């Protein structure tokens with residue numbers, strides 16, 4: 001790999017941050033919006049260079065790795081790198097950001113330059129969290145995400161935006177502080193067990209931690225990540241944040257920010273503390289399944305379409321956590337794929353809600369009805385995204401949910417088949433609440449006369465939502481290229497946990513059907529193709545005493 005590609009990861013990460021300060025100096029209006037948009041497009045194109053140079057068959061744990069001292073005396077370094085999982089999440093982030101900034105041109109009516117600044121800073125923070133292999137560097141990016149998202153909700157949100165922004169900030173900040181305490185304790189342990197203290201990822205991974213201590217450290221990390229997922233019962237900030245955030249902010253929140261929690265479990269919490277992971281595994285599985293069912297049932301009770309989609313995120317991320325906790329290749333692969341699916345489908349739903357809100361200025365489901373007669377193209381796109389969200393075969397959602405449920409069913413989770421069966425009810429409930437939402441909004445008679453004047457999708461709106469719809473079908477019909485990028489990294493990850501506890505992690509042994517009764521047939525060109533025959537099993541002889549006697553005078 002050349003030096004240019006070796007530094008490409010840093011360029012992709014920090015270019016949005018540099019452009020953010022340039023945007024502040026640009027004139028308000030079209031110039032600042034255009035600068036932010038084209039910067040995000042360039043970042044996406046550059047991230048495709050990472051994909052081009054990434055080698056899934058490599059034995060290296062991370063690629064594009066850079067490790068230079070930052071504060072050498074404190075054991076802090078600029079250590080970055082990606083594996084197949086983080087690369088996919090980077091591509092998801094850089095793909096969504098141009099769409100987010102383009103949609104903000106009409107959704108954000110004031111302080112557009114400042115919004116572009118916040119969005120670009122947030123992009124750097126999210127990308128940095130996916131590439132960081134130094135725990136201080138990761139924590140800096142992790143905390144940096146809070147500030148621009150807090151501003152996006154609090155400045156450009158709806159009527160209760162301040163309440164939602166403060167609630168989001170407090171929830172995530174408290175969880176982050178607990179994680180910081182655990183990081184500092186592990187830093188102290190590296191000096192006790194090694195030659196020098198270090199915040200490096202591999203130094204933390206090599207620590208030999210007593211099971212009792214692991215439980216406390218795991219709790220610190222897990223609480224910080226569980227808030228961000230969010231897992232039940234730490235999810236209550238999410239509906240408020242989604243409802244009050246502007247549509248572009250909801251796309252960022254659902255598309256990328258929620259994945260920080262699941263990625264944190266995958267990258268840090270589970271590998272750092274394997275014994276504590278297995279100890280708390282059943283609890284986490286139970287909370288994940290409760291989140292699936294609870295989130296789905298809450299969707300059925302909603303009158304606000306945005307809050308309904310927010311609760312659906314609780315259910316979808318519950319599926320992701322269940323797949324990760326399966327500790328099988330299929331389950332974890334499905335979880336990673338579902339992270340991407342949720343970002344695409346739910347991000348598209350929030351964009352469509354924003355477009356509809358611009359027309360009608362209402363999120364109440366009851367204010368709609370019969371819109372398919374007035375805006376047929378809008379109704380068709382909404383239906384496609386709805387079907388992707390409920391996992392219709394041929395769409396991206398089906399692949400992820402199928403792998404998660406199948407991987408969980410054959411996993412070594414205690415009662416894994418029962419948990420998988422309970423989680424499957426979420427698929428049914430998902431179809432119920434999403435199709436019911438569609439029926440109430442788009443089918444039937446036009447109840448409100450104000451809806452008769454609504455316009456259909458414009459060319460600009462097609463350009464915004466079209467790439468997401470196309471990706472829904474590409475990922476649904478051709479999943480192999482995406483799965484192939486992450487699968488080697490996932491296999492190593494599963495093998496690492498299986499090594500820690502073979503009875504609790506790893507893929508089940510392949511089942512092989514007995515072939516003893518199959519008669520092998522020689523084939524020649526001059527013979528017709530024979531039918532493979534099965535030998536009839538030899539029945540044991542019936543004892544003489546059990547044979548029925550037949551009278552001699554029987555006709």
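The values are calculated or read from the model by the stated rules, or taken from the named source; none is laboratory data. Quick caveat: nothing in here was measured; it's all calculated off a predicted structure. Here the Cβ positions follow ideal geometry from the backbone for every residue, glycine too, while neighbour counts run over all protein chains shown.
Looking at the structure I just gave you, is residue 366 part of a helix (DSSP H, G or I) and surrounded by fewer than 18 Cβ atoms within 10 Å (Cβ to Cβ)? Against the criterion (part of a helix (DSSP H, G or I) and surrounded by fewer than 18 Cβ atoms within 10 Å (Cβ to Cβ)), residue 366 qualifies. Taking segment 28-82 as the range and being modelled with pLDDT under 90 and within 16 Å of residue 123 (Cβ to Cβ) as the test, the residues that pass are 32, 33. Filtering segment 464-481 to residues that are over 30 Å from residue 106 (Cα atoms) and touching a helix residue (DSSP H, G or I) at 6+ places or on another chain (Cβ under 6 Å) leaves 476, 479.
With respect to the stated conditions, residue 392 fails to be crowded, with 21+ Cβ neighbours inside 10 Å and either touching a helix residue (DSSP H, G or I) at 6+ places or on another chain (Cβ under 9 Å) or at pLDDT below 90 (or both).
Conditions (1) in a loop (DSSP other than H, G, I, E, B); (2) more than 18 Å from the chain's Cα centre (by Cα); (3) over 30 Å from residue 510 (Cβ atoms), marked per residue:
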| position | (1), (2), (3) |
| --- | --- |
| 288 | no, no, no |
| 291 | no, no, yes |
| 294 | no, yes, yes |
| 298 | no, yes, yes |
| 307 | no, yes, yes |
| 312 | no, no, yes |
| 315 | no, no, yes |
| 322 | no, no, no |
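On the basis of being crowded, with 23+ Cβ neighbours inside 10 Å, touching a helix residue (DSSP H, G or I) at 6+ places or on another chain (Cβ under 6 Å) and at pLDDT below 90, does residue 254 make the cut? Taking the combined requirement at face value, the residue satisfies it.
Which residue is farthest from the chain's Cα centre (by Cα), if the candidates are limited to segment 116-148 and must be farther than 24 Å from residue 167 by Cα and outside any helix (DSSP H, G or I)? Filtering first and then ranking leaves 134. Picking from residues in segment 98-115 that are under 18 Å from residue 20 (Cβ atoms) and either part of a loop (DSSP other than H, G, I, E, B) or in contact with a strand residue (DSSP E or B) (Cβ under 6 Å, 6 or more places away or on another chain) (or both), the one that is modelled with the lowest pLDDT is 108. Checking each residue in segment 56-96 for being on the phi > 0 side of the Ramachandran plot and part of a loop (DSSP other than H, G, I, E, B) picks out only 75. Taking the conditions exactly as written (outside any helix (DSSP H, G or I) and within 30 Å of residue 500 (Cβ to Cβ)), does residue 271 satisfy them or not? It is false that residue 271 is outside any helix (DSSP H, G or I) and within 30 Å of residue 500 (Cβ to Cβ).
Going through segment 463-503 one residue at a time, which ones are farther than 30 Å from residue 389 by Cβ and either surrounded by fewer than 19 Cβ atoms within 10 Å (Cβ to Cβ) or without any contact (Cβ under 8 Å) to a residue 12 or more places away in the chain (or both)? Within segment 463-503, 492, 495, 496, 498, 499, 500, 501, 502, 503 qualify. Taking the conditions (1) surrounded by fewer than 24 Cβ atoms within 10 Å (Cβ to Cβ); (2) over 22 Å from residue 298 (Cα atoms); (3) in contact (Cβ under 8 Å) with a residue 12 or more places away in the chain in turn, residue 380 satisfies each one other than (3). Among 350, 402, which is part of a helix (DSSP H, G or I), farther than 19 Å from residue 251 by Cβ, within 20 Å of the chain's Cα centre (by Cα) and modelled with pLDDT of 90 or more? Only one candidate qualifies: 402. Taking segment 232-246 only, how many residues are part of a helix (DSSP H, G or I) and more than 22 Å from residue 124 (Cβ to Cβ)? Residues meeting the conditions: 7. Just one of the numbered conditions (1) loosely packed, with under 13 Cβ neighbours inside 10 Å; (2) out of contact with any helix residue (DSSP H, G or I) (no Cβ under 9 Å at 6 or more places or on another chain); (3) under 19 Å from residue 130 (Cα atoms) is not true of residue 69: (3).
Summed over segment 204-221, the residues that are crowded, with 22+ Cβ neighbours inside 10 Å and over 26 Å from the mean Cα position of the chain (by Cα) give a count of 0.
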